[in-house]
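Shown next, in structure tokens, is the structure this report addresses.
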Ligand code: HEC
Ligand code: HEC
């Protein structure tokens, strides 16, 4: 009952609950005490004075004992329940029970059950787990529950959400256990500053966008691209003189045909003009370090057939996809 935002309502609810229960008890007491007597002047023969069908009289017997006790026990139960469990406004109850604490207890119990299994997995490096089918099966389930809403159930991402099956060259960071574990644990923010003002008007931005398209051999306007080339020096600090990107800064490779934020002149001009703040939220509050270890192995396995842990390099399992 910690959901109340206003001090009045918990009091209101508590008072109505207590008044209702005590009201029942009071009614019971009054009904047990008050004697119903016949009309004045009538023979007092323990009847209410109501007569039907000439001689059918309504007796005024007390309620059966068992029924009375049932009623009293109900009132006692109600008061006891409200003392022990949360129910009276924001009073947490003597047991301090809550759905939150019950959920936390379940979670602790389940994690304790899974601990020996995870201990076996965390004893091995992430790269070794790529060959461990049981770890991958758990990793896949963790991925489906925690990552697929952004990265897709096949890990191939969508616009602004990176394709995790890509080869290293198309990754924002250095594809490997360390980068994946760090990203999942702490999240990451990719910041491309808005560069419109530094570049000039729409005409200049269009020329620069055509130059960027030329870097990957994408269809582009040759004249615009050659005019745009000199402006690329403003981008080189992050994306490199050759446009191959900088993984330490998270600046993507502009020479491949993988476009995180959309492909084509309009999309690239938009990024140059408005920049991009791309956020992956940290998952450490939702997943344990052991779970992150295992889900990272699953991510590494997404292009496993071509991943050589020894060489630390990867070639694409599926060709990088263009996001139009
Ligand atoms: C709310 C959406 C969201 C969720 C949930 C999410 N991610 Fe991400 N993830 C992103 C975004 C956006 C980026 C790109 C950040 C950037 O541009 O720097 C990203 C980046 C990454 C990267 C780095 C890719 C690269 O090219 O370097 C990895 C690895 C990754 N996520 C793995 C995961 C895993 C594993 C999970 C689940 C435990 C997960 N993500 C959950 C949105 C999400
Ligand atoms: C301060 C560093 C920095 C500078 C300067 C910079 N960028 Fe970027 N750029 C980034 C980062 C980081 C990203 C990735 C954002 C993300 O994680 O989503 C990015 C993304 C992009 C993308 C999207 C790539 C894709 O795959 O969709 C394009 C296009 C781009 N930059 C072009 C440029 C151009 C052109 C310039 C020069 C005008 C420039 N950038 C200057 C850091 C920079």
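Values quoted throughout were computed directly from the atomic coordinates according to the rules given, and no laboratory measurement underlies them. Source: prediction; values computed, not measured. Backbone-built Cβ (ideal geometry, glycine too); neighbour counts: all protein chains shown.
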Next on the checklist: Can you give me the angle between helix 8-33 and the longest principal axis of the chain, using Cα atoms only, in degrees from 0 to 90, rounded to the nearest 10?
Outcome noted: 20 degrees
Checklist outcome for this item: A student applying the Cα gyration tensor rule (rounded when a/c is under 1.5; otherwise prolate if a/b is larger than b/c, oblate if not) would label region 192-279 rounded
Next on the checklist: Quick check on the exposure proxy: order 19, 299 from fewest to most C-beta atoms within 10 angstrom.
Outcome noted: 19, 299
Checklist entry - Which value does Rg/Rh take for the chain over its C-alpha atoms, Rh per Kirkwood? => result 1.38
Next on the checklist: Using a 7 Å offset from the Cα along the Cα-to-Cβ direction at both residue 102 and residue 22, what is the distance between the two label points in nm, to one decimal?
Outcome noted: 2.9 nm
Checklist outcome for this item: 1/(1 + (r/R0)^6) with r = Cβ-Cβ of residue 51 and residue 74, R0 = 45 Å, i.e. FRET efficiency to nearest 0.05, evaluates to 0.85
Next on the checklist: Only Cα pairs within less than 10 Å get springs; with that Gaussian network setup on the chain, which residue of 28, 215, 300 has the largest fluctuation?
Outcome noted: 28
Checklist entry - In nm, to one decimal, how far is the modelled label at residue 242 from the one at residue 149, with both set 7 Å along Cα→Cβ? => result 4.1 nm
Item to check | Theoretical gain in end-to-end length, residue 81 to residue 9 [0.36 nm per residue, Cα-Cα removed] | outcome: 23.9 nm
Item to check | Ranking of 258, 81, 161, 298 by count of other Cβ atoms within 10 Å, fewest first | outcome: 81, 161, 258, 298
Next on the checklist: Could you work out how much longer the chain between residue 234 and residue 61 gets when fully extended? Use 0.36 nm per residue separation minus the Cα distance between them, nm to one decimal.
Outcome noted: 52.3 nm
Checklist entry - Between residue 117 and residue 222, what is the spin-label point distance in nm, taking each point 7 Å from the Cα along the Cα→C-beta axis? => result 6.1 nm
Checklist outcome for this item: With Cα springs under 10 Å, the Gaussian network model of the chain assigns the largest mean-square fluctuation among 33, 230, 96 to 33
Checklist outcome for this item: Proxy exposure order for 254, 117 (fewest C-beta within 10 Å first) is 117, 254
Next on the checklist: Given a 10 angstrom Cα cut-off, can you work out which residue in 261, 50, 293 is the most mobile in a GNM of the chain?
Outcome noted: 50
Checklist outcome for this item: Eigenvalues of the alpha-carbon gyration tensor of region 8-84, times 5 and square-rooted, give semi-axes in Å, largest first, of 38, 14, 9
Checklist outcome for this item: At R0 = 35 Å the Cβ-Cβ FRET efficiency linking residue 188 and residue 95, nearest 0.05, sits at 0.25
